[in-house]
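Novice: What follows is a single structure, and I will ask about it in a moment.
The values are calculated or read from the model by the stated rules, or taken from the named source; none is laboratory data. Keep in mind the model is a prediction, meaning the values are calculated, not measured. Quick reminder, even Gly has a Cβ in these numbers, built from the backbone with ideal geometry, and neighbours come from all protein chains shown.
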Amino acid sequence: MFRNSDHILIKKSIMTSQMTNHFVQPDEIPQIVDDLRSYFKTGTTKPLSWRMKQLNGLVKALEEHEDEWIAAMGKDMGSHKYEAGLLVKNVTSEIKHTINELESWLYPKNASNPLALYPGTTELVFEPYGVVCDFIPFNYPVFLGFSTLLPILASGNCCLFKPSSNTPACALLYHQIFPKYLDQLAVRVVCGPTSICDEILKCRFDFIFYTGSPAIGKLVMKAAAEHLTPVLLELGGKSPVYIDKNVSLKKCCRRLAFGKFFNGGQTCVCPDYVMVHQDILPQFRQEMVNVIHEFFGDHTRYNDNITHIISPRHFDRLQKLIETSGGINVIEGYRSRDRLYIGPTLVESPNLDSQMMTEEIFGPIIPFMKVSGPDEAISFINEREKPLALYVLSNDESLFQRFVNETSSGAIMMNDTTFHVSSPNAPFGGVGNSGMGQYHGKAGIYSLSHLKPVLRHGTLIDVSLRYPPYNDTKYNIIKRIA
């Protein structure tokens, strides 16, 4: 267990006594990228055998050092052992799923040939991009570190792997462990302050994988545009919840609270705000109070089940959201800046122009408001940026289908929240302001590979219609057969 008030001091001591000894200097970055590119050109990373070896290395890195990863998340974020362990097990399962399926996913796909290329064949092959830059966010330093590197290596790429400087214990562990289990010439862990990312983005990559905020995503995309580099952006935004009057209220409130407060609300797909059908607003309010007390006991006291806020800056930001919402604090959780702790907080009817309702919350705060019904909820959602996820809590399948048909979001889920991301069979990604591109399972192979058409055209038959000189006779024949 690593939930204590010395959380910040632990992070600082790691940074000064250990982590800085392994920082990469800015002037080293271009050579690291060049070395990765040179290694990729040798073709070593393309065979299935190499890819499988790396994926098995990821599994061993997790399983043989499970306690160390859990401890690192505790040091960096005050994560409860249960939540940290659950994340390690989940990403391990995803890697094993890919190992079992990878050969079939990579098998060339046959496609039909047009008449103009007869006789011949067309097949689609998965070609690795080359050198991929992978930026790891602070909120899930282990889960997102492994789950993003998974499709990069499975697709046969090399990788510059940049852990977040906000999670130094996990970054140090990557630096120490990865060289023991992965090809050191293909995966380079680059540790350093946030400022080093500017130097990284000056380099030319073949693909950039960024997970974080829309604001930084725009900067990444701008840098990628200098070299016309493709990107996969996993961003965030304000993922809405609609709670219908026809609902299993207690069960859905438990699922809402679990999804929101997991990892201290620092989850890109966690429920950001809740729209409640006006007919059940009092019942919802009381049920959420009951659930919060059931899960966390006295909300005015510190509770080690709640992950800490990542930094003083984010703590101050969240405190300001609470203090300036203009709403009613139904439950105001215990707050301690020294511990970087904010307890479960429930806010009713915040002002729609407040920061709480215009910025992504990314903390253990649930704002809720009444709406007249699904029409108002759908309209409210569509007036705003497309969210990464949308949750509809209702027993009415036809109502849920309305949200499927009439809104746009990265994903939509009925009667639960947040944990659709744990499925390796469901592509994960945003749309518009919440991101572009998808990964998890097979989708990751499609995103981190170039799907290259390979066409063969035999010479047994050569149709003269295609060649000059052109004339009306040829044109009329083409019109008839096209």
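Novice: Got at least one residue in the stretch 251-258 being in contact (Cβ under 8 Å) with a residue 60 or more places away in the chain, assigned to a strand (DSSP E or B) and either closer than 24 Å to residue 403 by Cβ or assigned by TED's automatic domain parsing to the domain that holds residue 395 (or both)?
Specialist: Scanning the stretch 251-258 turns up no residue that is in contact (Cβ under 8 Å) with a residue 60 or more places away in the chain, assigned to a strand (DSSP E or B) and either closer than 24 Å to residue 403 by Cβ or assigned by TED's automatic domain parsing to the domain that holds residue 395 (or both).
Novice: Evaluate the following for residue 332: is it surrounded by 18 or more Cβ atoms within 10 Å (Cβ to Cβ), more than 29 Å from residue 72 (Cβ to Cβ), touching a residue at least 12 places away in the same chain (Cβ under 8 Å) and not aliphatic (A, V, I, L, M)?
Specialist: no
Novice: Being over 15 Å from residue 430 (Cα atoms), among the aromatic types (Phe, Trp, Tyr) and assigned to a strand (DSSP E or B) is the filter here; which residues of the stretch 378-417 pass it?
Specialist: Within the stretch 378-417, no residue meets the criteria.
Novice: Please work out which residue is nearest to residue 337 (Cα to Cα), limiting yourself to the stretch 63-87 and to residues that are surrounded by fewer than 20 Cβ atoms within 10 Å (Cβ to Cβ) and of a type in the set (A, V, I, L, M).
Specialist: 71
Novice: Right, something else. So which of 443, 426, 389 ends up being small (Gly, Ala, Ser) and crowded, with 23+ Cβ neighbours inside 10 Å?
Specialist: None of the other options fit; the residue is 389.
Novice: In addition: Listed residues 433, 382; which is touching a helix residue (DSSP H, G or I) at 6+ places or on another chain (Cβ under 6 Å) and surrounded by fewer than 21 Cβ atoms within 10 Å (Cβ to Cβ)?
Specialist: Every option except 433 fails the conditions.
Novice: If you check 205, 126, which single one turns out to be within 20 Å of residue 448 (Cβ to Cβ) and over 21 Å from the mean Cα position of the chain (by Cα)?
Specialist: The unique qualifying residue is 126.
Novice: Provide a single number: the residues in the stretch 286-296 that are of a type outside the set (Asp, Glu) and surrounded by 18 or more Cβ atoms within 10 Å (Cβ to Cβ).
Specialist: 4
Novice: Would you confirm whether any residue within the stretch 465-472 is surrounded by fewer than 14 Cβ atoms within 10 Å (Cβ to Cβ), without any contact (Cβ under 8 Å) to a residue 12 or more places away in the chain and assigned to a helix (DSSP H, G or I)?
Specialist: yes
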